[in-house]
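S.K.: Below is the structure I would like to discuss, written out as structure tokens.
The values are calculated or read from the model by the stated rules, or taken from the named source; none is laboratory data. Model, not experiment: these values are computed from the prediction. Cβ atoms come from the backbone with ideal geometry, glycine included; neighbour counts cover every protein chain shown. The area values use the complete protein model at the heavy-atom level, side chains included, leaving out ligands, DNA and RNA. Shrake-Rupley method; radii C 1.70, N 1.55, O 1.52, S 1.80 Å.
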Amino acid sequence: MSASSSRSAPLEHLGPGWFVLVMGWSGLAMAWFRAEALVGANALLIGQAAAALAGLIFLGLLMAMACTQLAQAAIPKVWRIEPGANASAETMKAIFYASEGDTVEFAAGTFNFPSGLIIHGKRGLTIRGAGKDKTKLSFLGSNTAEGINASHCEGITIEDLEVIDTPGNGIRVYRSKYVTLRRIKAGWSDADP
């Protein structure tokens, strides 16, 4: 699974230079505080000014980090799932960690799930395949009735995939609002060509 977005590490563009600057001003403040006995009262004032400047720089860095993290939280993420042995676990992880605006995107291929996909309490999530004739979510031998079970969701979209061989409903939507099902195919491989 790969999660792609333009998210980057908070403040990675600042580098260690800002840390050196804060520590330098803090060290300078301590030196002036210790020099008070030698230089006099002016040393105390200079030390206080250096400490205040170090504190302001530090607070500015904290504010920049908070703003960066808030801005990154709003960037939608794409969770890309490839066919394979880990696809089921990767899909569950992607659905669990997905935030509003994120997309769980299945590549072309067949995905075999031992149990249904539960989407509970999500808002603004998109589940997307590569096309209803290209992406197959198979629930043959599943221990749950539904293939995809969306409950208590709002504004979710499921599109461009096929749900096959579920013990019960292919897709169940329960107590949810503004759900879009688009270019979906559902059936059983022994009954549908």
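S.K.: How many residues does region 49-69 contain that are open to solvent by 60 Å² or more (accessible area, probe 1.4 Å) and either closer than 12 Å to Gly27 by Cα or not in a helix (DSSP H, G or I) (or both)?
M.R.: 1
S.K.: Sticking with this one: Any idea which of His120, His152 is open to solvent by 70 Å² or more (accessible area, probe 1.4 Å), modelled with pLDDT of 95 or more, within 19 Å of the chain's Cα centre (by Cα) and over 17 Å from Pro76 (Cβ atoms)? Full working, then the answer.
M.R.: Values: His152 fails: within 19 Å of the chain's Cα centre (by Cα).
Going through His120, His152 in turn, just one is open to solvent by 70 Å² or more (accessible area, probe 1.4 Å), modelled with pLDDT of 95 or more, within 19 Å of the chain's Cα centre (by Cα) and over 17 Å from Pro76 (Cβ atoms): His120.
Every residue, every condition in (1) at pLDDT 95 or above; (2) assigned to a loop (DSSP other than H, G, I, E, B), yes or no:
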{"residue": "Gly131", "(1), (2)": "yes, yes"}
{"residue": "Glu162", "(1), (2)": "yes, no"}
{"residue": "Arg183", "(1), (2)": "yes, no"}
{"residue": "Asp192", "(1), (2)": "no, yes"}
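S.K.: Do the conditions hold for Thr126, that is, is it under 21 Å from Glu82 (Cβ atoms), open to solvent by less than 50 Å² (accessible area, probe 1.4 Å), hydroxyl-bearing (Ser, Thr, Tyr) and out of contact with any Phe, Trp or Tyr (no Cβ under 9 Å at 6 or more places or on another chain)? It would help to see each step written out before you state the result.
M.R.: Numbers: under 21 Å from Glu82 (Cβ atoms): yes; open to solvent by less than 50 Å² (accessible area, probe 1.4 Å): yes; hydroxyl-bearing (Ser, Thr, Tyr): yes; out of contact with any Phe, Trp or Tyr (no Cβ under 9 Å at 6 or more places or on another chain): yes.
Considered against the rule, which asks whether it is under 21 Å from Glu82 (Cβ atoms), open to solvent by less than 50 Å² (accessible area, probe 1.4 Å), hydroxyl-bearing (Ser, Thr, Tyr) and out of contact with any Phe, Trp or Tyr (no Cβ under 9 Å at 6 or more places or on another chain), Thr126 comes out as yes.
S.K.: Write out, first by first residue and then by second, each pair whose Cβ atoms fall under 8 Å of each other, whose residues are 6+ apart or on separate chains, and whose first residue, in region 61-76, is within 13 Å of Glu100 (Cα to Cα) while the second is open to solvent by less than 60 Å² (accessible area, probe 1.4 Å) and modelled with pLDDT under 75.
M.R.: Listed by first residue and then by second, the contacts come to Gln72/Ser8; Gln72/Pro10; Ile75/Ser5; Pro76/Ser5.
S.K.: What number of residues within region 95-115 are farther than 12 Å from Val78 by Cα and either open to solvent by 10 Å² or more (accessible area, probe 1.4 Å) or in contact (Cβ under 8 Å) with a residue 60 or more places away in the chain (or both)?
M.R.: So the count comes out to 7.
S.K.: Take Pro114 and decide whether it is assigned to a loop (DSSP other than H, G, I, E, B) and within 17 Å of Ile95 (Cβ to Cβ).
M.R.: On the way: assigned to a loop (DSSP other than H, G, I, E, B): yes; within 17 Å of Ile95 (Cβ to Cβ): yes.
Answer is yes for this residue.
S.K.: Okay, next question. Residue under question is Ile164, and the condition is that it be closer than 22 Å to Tyr97 by Cβ, touching a strand residue (DSSP E or B) at 6+ places or on another chain (Cβ under 8 Å) and without any contact (Cβ under 8 Å) to a residue 40 or more places away in the chain; does it hold? Reasoning before the result, please.
M.R.: On the way: closer than 22 Å to Tyr97 by Cβ: no; touching a strand residue (DSSP E or B) at 6+ places or on another chain (Cβ under 8 Å): yes; without any contact (Cβ under 8 Å) to a residue 40 or more places away in the chain: yes.
Here the answer is no, as Ile164 does not meet what is asked.
S.K.: Is it fair to say Ala85 is modelled with pLDDT of 80 or more, closer than 30 Å to Ile148 by Cα and open to solvent by less than 40 Å² (accessible area, probe 1.4 Å)?
M.R.: In short, no.
S.K.: Is there any pair with a first residue in region 124-151 that is touching a residue at least 12 places away in the same chain (Cβ under 8 Å) and a second that is open to solvent by 50 Å² or more (accessible area, probe 1.4 Å) and polar (S, T, N, Q) whose Cβ atoms are under 6 Å apart and which are 6 or more apart or on different chains, and what are they?
M.R.: Lys136/Thr110; Ser138/Thr110; Ser138/Asn112; Glu146/Asn169
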